[in-house]
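The values are calculated or read from the model by the stated rules, or taken from the named source; none is laboratory data. Everything quoted here is computed from the prediction, not taken from an experiment. Here the Cβ is made from the backbone with ideal geometry for all residues, glycine too, and neighbour counts use every protein chain on show.
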């Protein structure tokens, strides 16, 4: 039996529509999984975000100096055994002292920049540490502004204490992975650690699209309905 041209077009259209539905369903489920992982991590972790005064070498070096001093201060002054909410309260209560301490430290190096410490919810891009994915999204964060705060920034996770000292390698210690594993379901942990193949184009593309959606539309009502639990 010979099919008419119209029939062939109808079959092709139906096949194309089925393919598009499959692709949409695949990407939708992938984004939902990323979103669920991000939400769970956001409930568990505190991010650190340090913004340098500018991108000059001196200001970027000062940013690293401030990072080291702050991490040393927090490790001495903050009790990490009490949980996230308690830690945020501790840091909030000590915020004036932290600002004065960091101000004194940079003054000893000849800088008179202001130091501002803020505790707020902040939007972070996708980040992968040694094969462990922190999806783009809103996290509780301790933000440190040095001077104008207009330079390149540095970030890590201060609770659980997972801050990465070697930014070039972006290595997440095995102990840190174990801590995060306790907080996630098996499926969420599998998703987080399965993105070690980030160099593969489909994965990079998927993460980039998710990041764009999350950063541009995360406050929109329609986005919250489609990707629930944001």
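State all residues of the range 40-80 that are closer than 20 Å to residue 111 by Cβ and in a loop (DSSP other than H, G, I, E, B); if no residue qualifies, say none. Scanning the range 40-80 gives 52, 53, 54, 55, 56.
Considering only residues of the range 114-132 that are under 24 Å from residue 90 (Cα atoms) and in contact with a helix residue (DSSP H, G or I) (Cβ under 7 Å, 6 or more places away or on another chain), which is modelled with the lowest pLDDT? Write out each step before concluding.
At the first step, the residues of the range 114-132 found to be under 24 Å from residue 90 (Cα atoms) are 114-124.
Keeping just the survivors that are in contact with a helix residue (DSSP H, G or I) (Cβ under 7 Å, 6 or more places away or on another chain) gives 115-117, 119, 123.
Details: 115: 94, 116: 95, 117: 95, 119: 93, 123: 85.
Only one residue tops the list, namely 123.
Are any of the residues in the range 133-147 at pLDDT below 90, closer than 27 Å to residue 56 by Cβ and part of a loop (DSSP other than H, G, I, E, B)? Within the range 133-147 (the criterion being at pLDDT below 90, closer than 27 Å to residue 56 by Cβ and part of a loop (DSSP other than H, G, I, E, B)), the answer is no, since none of the residues qualifies.
Looking at 119, 158, 91, 128, can you tell me which residue is assigned to a helix (DSSP H, G or I) and touching a residue at least 12 places away in the same chain (Cβ under 8 Å)? Matching residue, one of 119, 158, 91, 128: 91. Flag: residue 111 does not match the condition of being part of a loop (DSSP other than H, G, I, E, B), at pLDDT below 85 and surrounded by 12 or more Cβ atoms within 10 Å (Cβ to Cβ). Please go through the range 73-92 and pick out each residue that is touching a strand residue (DSSP E or B) at 6+ places or on another chain (Cβ under 7 Å) and closer than 13 Å to residue 160 by Cβ. Residues satisfying the conditions are 74, 80, 84, 87. Scanning the range 94-107 for residues that are part of a helix (DSSP H, G or I) and either free of Cβ contacts under 8 Å to residues at least 24 places away in the same chain or loosely packed, with under 14 Cβ neighbours inside 10 Å (or both) yields 96, 97, 99, 100, 103, 104, 107.
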